[in-house]
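Working notes, beginning with the structure itself.
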Amino acid sequence: MGKVIVVGGGAAGFMAAYSAACCGAETVILERNPRPLRKVMITGKGRCNVTNDTDLNGLIGAVTGNGRFLYSAFSNFTSSDTKAFFERQGVALKTERGNRVFPESDRAVDIVDALVRAAKEVGVTVLQERVTELVTDGSKVQGVKCESGNLHFGDSVIIATGGMSYPLTGSTGDGYTLARQVGHTVTELSPSLVAVTCHEGWCSEAQGLSLKNISINVFKNGDKKAVFSDFGELMFAHYGLSGPVVLSASAYMPRVTENEYKIVIDLKPALSHEKLDQRILRDFEKNLNKDFINSLGELLPRKLIPIVVKLSGISPSAKINQITREQRLKLVDILKGLTLTVTGFRPIEEAIVTKGGVQLSEVSPKTFESKLVSGLYFAGEVLDLDAFTGGFNLQIAFSTGYSAGEAAGSIY
């Protein structure tokens, strides 16, 4: 019986270990943190969007740049397989908007417990160790050396250490260091699914304000066609914008340069310009003798009122009965197209996933074995693979982990 060493106790690592052990290999996970799967615990705001209930083309289409590379992995372990895996472990699942799959309990810990339980059932051992070096004979991997000084020897090593995002969960880039040690190329690393910084200083005035049921369009400067559109929730921060729709949008703005993109927010997407104008007229009729700034309480959240008033160019103290039609229509335009200029991304440490990683041309797309070092495999975010929000990044972890584990565990 061969021995498989999995470096990293995250989603990809646990699925890889489970898969390898199911093939009969003695399998050990080496995880630097006292508790594994810490990043899974915080995904989906603690609810864990475990996969996306879509077909093969849907999965491939959600990968930002290298989707075809995952054809074999997604075919080998589909989103249906992911659902079946957790349901076998007693986790009831539900599907929400956008085919996003969550545990019925809305508790990420149920997903964590299921992964730990499944690994334990097939005999996987989990040890707290930080791996600092790969041991090879030049052409084949022989094991790993740890920060503690311990050596762990094995027939195969699977690197599943994650990326650079959320370093407190253990994703500190160790896998890139290990890959480079044996000659692998690591492509440029940058944040993806991350909050954006904006030029407009008024964002800080709205800090902490969360808006639900808004729509956004993202435009590259000079283009009339949006590169991204979505409906949902966003939040203002002192630096700019965050929230689900903004994180999704960031994946469509690769390596953004200052002032290259604009985000246009429709605060009232359920109303056409004409319908919104009629709504404002009705509000104005109820407040004819009030100052303009005191007439918007039923239309806007409190924090947005002084911002919108300033952008409208209408005097805060102007009486409603003094506001012209042209001024009112400009107000409608602002509410339907609140525009912010993107200046950049927040740091990679705050991103949900890392864009970039181990170069795919140096890895087999079927087995995820290194083309440079025999017996060395990669799985999950350490690879140059990332996807949009909606459960796709966890599915990449599960599919690549399963395929790498199966390949590593079945050759003995």
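The values are calculated or read from the model by the stated rules, or taken from the named source; none is laboratory data. These figures come from a predicted structure and were not determined experimentally. Cβ sites come from the backbone with ideal geometry, for glycine too, and all protein chains shown count toward neighbours.
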How many residues are in contact (Cβ under 8 Å) with a residue 24 or more places away in the chain and among the hydroxyl-bearing types (Ser, Thr, Tyr) when one looks only at region 87-131? 2
Considering only residues of region 35-64 that are crowded, with 17+ Cβ neighbours inside 10 Å and among the small types (Gly, Ala, Ser), which is modelled with the highest pLDDT? ALA62
Of the conditions (1) within 18 Å of the chain's Cα centre (by Cα); (2) surrounded by fewer than 21 Cβ atoms within 10 Å (Cβ to Cβ); (3) in a helix (DSSP H, G or I), the single one that VAL246 does not satisfy is (2)
Take residues that are within 20 Å of GLY10 (Cβ to Cβ) and in contact (Cβ under 8 Å) with a residue 24 or more places away in the chain and tell me which of the strands (runs of 3 or more DSSP E) falling wholly in region 151-219 contain 2 or more. 156-159, 190-192
Residues located in region 356-412, provided they are over 24 Å from the mean Cα position of the chain (by Cα), small (Gly, Ala, Ser) and not in a strand (DSSP E or B): SER364, GLY375, ALA407, ALA408, GLY409, SER410
For region 245-267, check the following and say yes or no: at least one residue is of a type in the set (S, T, N, Q) and modelled with pLDDT of 95 or more. no
The residue that is farthest from LEU30 (Cα to Cα), considering only those in region 132-141 that are without any contact (Cβ under 8 Å) to a residue 60 or more places away in the chain and surrounded by 12 or more Cβ atoms within 10 Å (Cβ to Cβ), is VAL135
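For every residue, the table says whether it meets (1) surrounded by fewer than 19 Cβ atoms within 10 Å (Cβ to Cβ); (2) at pLDDT 95 or above; (3) closer than 22 Å to PHE388 by Cα.
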| residue | (1), (2), (3) |
| --- | --- |
| GLY163 | no, no, yes |
| PRO167 | yes, no, yes |
| LEU178 | no, yes, no |
| GLN181 | yes, yes, no |
| THR185 | yes, yes, no |
| PRO191 | no, no, yes |
| CYS198 | no, yes, yes |
| TRP202 | yes, yes, no |
| GLY208 | yes, yes, no |
Picked from region 355-377 (must be touching a residue at least 40 places away in the same chain (Cβ under 8 Å) and basic (Lys, Arg)), the residue surrounded by the most Cβ atoms within 10 Å (Cβ to Cβ) is LYS355
